[in-house]
Amino acid sequence: MNIAVISYSFTGNNQLLAGSVAKELSAEHIQISEPKTRTMGSIALDMMFSRTPQVQPAPETMESYDLLLFFGPVWMGHVAAPLRAYLKYLKSHPQRYGFLSISGGADGPNPKLTGDLRKRAGADPAVLIDLHIADLLPNREKTVRKDTTAYRLNDSDIHRLTYTMMKTIRDVI
């Protein structure tokens, strides 16, 4: 099976995790980039106005894969804006895909995430894994956004989370 791991990461956490999963799957790892520097302000504006920023590489590069695994953060309960162009492409060019994420989680679960993915891609993901940094922190009852935003995955976290994700991914490939 020809699998692409496509990742966007604001903090680097999703990038590291995507690279580890891509290595386990012997899959190509495609890293999404933006021409403009991303800021917390641009994140808020993109989410409030449902904007889709310009990204590289172009979504059309996904055609030759049997399964696309998108890695990226969840912002305000929705898929991060840089992934939107790829999901929009899937809506008119259906392909099997999955969405995997490690993001803050200080505000709790993301109940609207599946609906957001369905709306943007035109179909439910074959695999959806929504993990939270808040679950990695001690005393998580008092976790706030500042704590989760500042956290960077360490080697032990990456190993453990990759193992967790691979158990689910292997069930769908």
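Where a number appears in this text, it was derived from the coordinates with a stated rule and is not lab data. Here the structure is a predicted model, which is why all the values come from computation and not from measurement. Positions of Cβ are generated from backbone atoms using ideal geometry, with glycine treated the same way; all protein chains shown enter the neighbour counts.
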**Q.** Euclidean distance of C-alpha centroids, the range 1-55 and the range 111-144, integer Å
**A.** 15
**Q.** For the range 80-161, fraction of C-alpha pairs farther apart than 22 Å, in %
**A.** 36
Q) Ranked highest first by the average count of other Cβ atoms within 10 Å around their residues, in what order do 158-166, 126-134, 44-52 fall? A) 126-134, 158-166, 44-52
Q. When Lys and Arg each count +1 and Asp and Glu each count -1, what net charge do the other residues less than 13 Å away from Ala4, Cβ to Cβ, add up to?
A. -3
Q: For Lys142, go through the aspartates and glutamates and keep the ones whose alpha-carbon is under 15 Å away, minus same-chain ones fewer than eight residues off.
A: Asp107
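By count of other Cβ within 10 Å, fewest leading, how are Thr168, Thr39 ordered?
Taking fewest neighbouring Cβ atoms as first place, the list is Thr39, Thr168.
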Q. What is the packing order of peptides 103-114, 54-65, taking the mean over residues of other C-beta atoms within 10 Å and listing the highest first?
A. 103-114, 54-65
Q. Where Rh is the Kirkwood radius over the Cα pairs of the range 3-159, the temperature 4 °C and the viscosity 1.567 mPa s, what D in µm²/s does Stokes-Einstein return?
A. 82
